[in-house]
Amino acid sequence: MILRLCQHSFHIYDLLLFSGALTILVYILLPHRFALRYDYIDKEHIEEALLSATVSNISSQQAIDCSYKEVLADSTFVYDAAHRAAILRGQEIRLGGEYQPDECRARFSTAIIVPYRDRQEQLVAFLNYMHNYLRLQQIHYRIFVVEQSDRKPFNRAMLFNIGAKVAESYGYPCLILHDVDLMPLNSGQIYACTVQPRHMSSALDSWRFHLPYRTLFGGVVAISTSQFTMINGMSNLYHGWGGEDDDLYERLKVVGIEICRFDPAYSEYTMLKHKHAIPNENRMALLRSASLRMHTDGLNSLVYKEVERRMHSLFTHILVET
Ligand code: BGC
Ligand code: MN
C-alpha cells in the first residue's frame, strides 16, 4: 500500500516537472503565444483620458455636445448588416468619406489615414465595416486613403507622413494611423485621440489577443497632430516590411512622451488574411539610428508627388509617387 502511494506521487512529480519544462521551452520558442502584462486605462478612466478637439469650422446646427457615456460603456460591437446598404448608397457619409452625427455636436474630429497599394478587396471590406462601426461613435471623422502608385517597396511610414500633412491642411487635430487589414471589434475603442498617443490594436486575433511586446506601436495608433508634428512625423527611410513603427516609438521616447492603451477588452481587432510582405533587411540598422535621424528624417524631409486627389463616396483618395 505504502509502496503504491509512493509510486503514484513520484509519477505526478515527474509529470509536473515535464510540463514545467515544456512550458519554458514553448515560451522560449514561441514568445508570441504568451501575454505580457501591460498597463492600460480601465473602463472608468477612458473618458477623462480623451483629448477633446474638433476642426474649427465644424458645422453643426446642434447646440448640445454629444455624450460618449454609452459608446464607452459597452465593449461589444455587433455589425449591423442591414445598415450596409444605406452606407453604400452614401446616405449618411459625405463625399470624401466624412461623417458627423446630426443629433448632437461631436467633440472629436479624427482623420483616419490608411496607407494602401494593391489590396482592393480589403479596402472595400474595410470601408464598409469602418463606416458602419464609426457612425455609432458620435464623432466627426474622415477617411484618407494614401496610395503609393510607384512599384518601389511599400513605404508605409512615408504614406502616413503624407496623410498627416493633408489631414493637417483640413484642420484635423487628431490622426489615427491605420492598417487596411485591421478591424476593431469593440465599440468602446473610440476613434478619438487620448492625451498620450495610444496603441489601439493591442489585442489582435492573429496573436490570440495577446500583445507580443510592450513597445509595439503598430497596426492602429492614435496620435494628436501636434505630437506627430513635434516628433517630425515618421521616418521616410523604411522601404518594405517592418521597423517603421518601432522607429515611431523611439521618437516618442526621445521626447519623453509615453504611450497608452485601453483595457484589452476594448482593444480587440481582427486581421484580414494576406500574404506576408518581404521584410526590410535594413530595418535593424535603421532602428539603431532612430534617435539620431529623427530631426532630419521625417515631415521636414518629405519629398513626393501628388498624382491625384479624388473624392470618393466613402473616402478621400490621395494617389502619390514616393
Ligand atoms: C517589426 C514591426 C512589426 C512587429 C509586429 C516587429 O519585429 O519591427 O514593424 O509591427 O514586429 O509584427
Ligand atoms: Mn498587415
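How many residues are touching a helix residue (DSSP H, G or I) at 6+ places or on another chain (Cβ under 9 Å) and either open to solvent by 10 Å² or more (accessible area, probe 1.4 Å) or at pLDDT below 95 (or both) if we restrict to segment 92-105?
Looking only at that region, the number is 4.
For segment 183-203, enumerate the residues that are open to solvent by less than 10 Å² (accessible area, probe 1.4 Å) and either modelled with pLDDT under 95 or of a type in the set (Gly, Ala, Ser) (or both).
Of everything in segment 183-203, those that are open to solvent by less than 10 Å² (accessible area, probe 1.4 Å) and either modelled with pLDDT under 95 or of a type in the set (Gly, Ala, Ser) (or both) turn out to be Gly188, Ala192, Ser201, Ser202, Ala203.
When the residues of segment 214-265 are narrowed to those that are among the basic types (Lys, Arg) and within 25 Å of Leu72 (Cα to Cα), which ends up most open to solvent (accessible area, probe 1.4 Å)?
This residue is Arg214.
A quick yes/no check of all residues on (1) closer than 19 Å to Ala164 by Cβ; (2) among the hydrophobic types (A, V, I, L, M, F, W, C); (3) assigned to a helix (DSSP H, G or I):
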position	(1), (2), (3)
Leu211	no, yes, no
Leu216	no, yes, no
Ser226	yes, no, yes
Asn232	yes, no, no
Tyr249	yes, no, yes
Leu252	yes, yes, yes
Ile257	yes, yes, no
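If you take the residues in segment 268-288 that are within 16 Å of ligand 2 (Cβ to nearest atom) and outside any loop (DSSP other than H, G, I, E, B), which one is least open to solvent (accessible area, probe 1.4 Å)?
Tyr269
Which residue pairs have Cβ atoms closer than 6 Å, lie 6 or more positions apart in sequence or on different chains, and pair a first residue in segment 217-232 that is of a type in the set (D, E, K, R) with a second residue that is away from ligand 2 (no atom under 16 Å from the Cβ) and open to solvent by 10 Å² or more (accessible area, probe 1.4 Å)?
Listed by first residue and then by second, the contacts come to nothing, as the list is empty.
Pairs under 8 Å by beta carbon, first residue assigned by TED's automatic domain parsing to the domain that holds Tyr116 and more than 8 Å from ligand 1 (Cβ to nearest atom) in segment 238-255, partner β-branched (Val, Ile, Thr) and open to solvent by less than 10 Å² (accessible area, probe 1.4 Å), six or more apart or different chains?
Leu248/Val221; Leu248/Ile231; Arg251/Ile231; Leu252/Ile231; Val254/Ile231; Val255/Ile231
Report, ordered by the first and then the second residue, all pairs with beta carbons closer than 6 Å, sequence separation of six or more or different chains, a first member in segment 289-310 that is assigned to a strand (DSSP E or B), and a second member that is of a type in the set (A, V, I, L, M).
Glu306/Val320; Val307/Leu319; Glu308/Leu319; Arg309/Ile318
May I ask you to list the residues in segment 153-166 that are within 19 Å of Gly219 (Cα to Cα) and open to solvent by less than 10 Å² (accessible area, probe 1.4 Å)?
Asn155, Ala157, Leu159, Phe160, Asn161, Ile162, Gly163, Ala164
Only residues that are under 20 Å from Cys104 (Cβ atoms), open to solvent by 40 Å² or more (accessible area, probe 1.4 Å) and in a loop (DSSP other than H, G, I, E, B): list them for segment 61-79, please.
Of everything in segment 61-79, those that are under 20 Å from Cys104 (Cβ atoms), open to solvent by 40 Å² or more (accessible area, probe 1.4 Å) and in a loop (DSSP other than H, G, I, E, B) turn out to be Gln61, Gln62, Ala63, Ile64, Ser67, Asp74.
The values are calculated or read from the model by the stated rules, or taken from the named source; none is laboratory data. Bear in mind the structure is a predicted one, so any value in this text is a computation, not a measurement. Reconstructed Cβ throughout: ideal geometry from the backbone, glycine too, with neighbour counts over all protein chains shown. Only protein heavy atoms, including side chains, enter the accessible area calculation; ligands, DNA and RNA are left aside. Shrake-Rupley method; radii C 1.70, N 1.55, O 1.52, S 1.80 Å.
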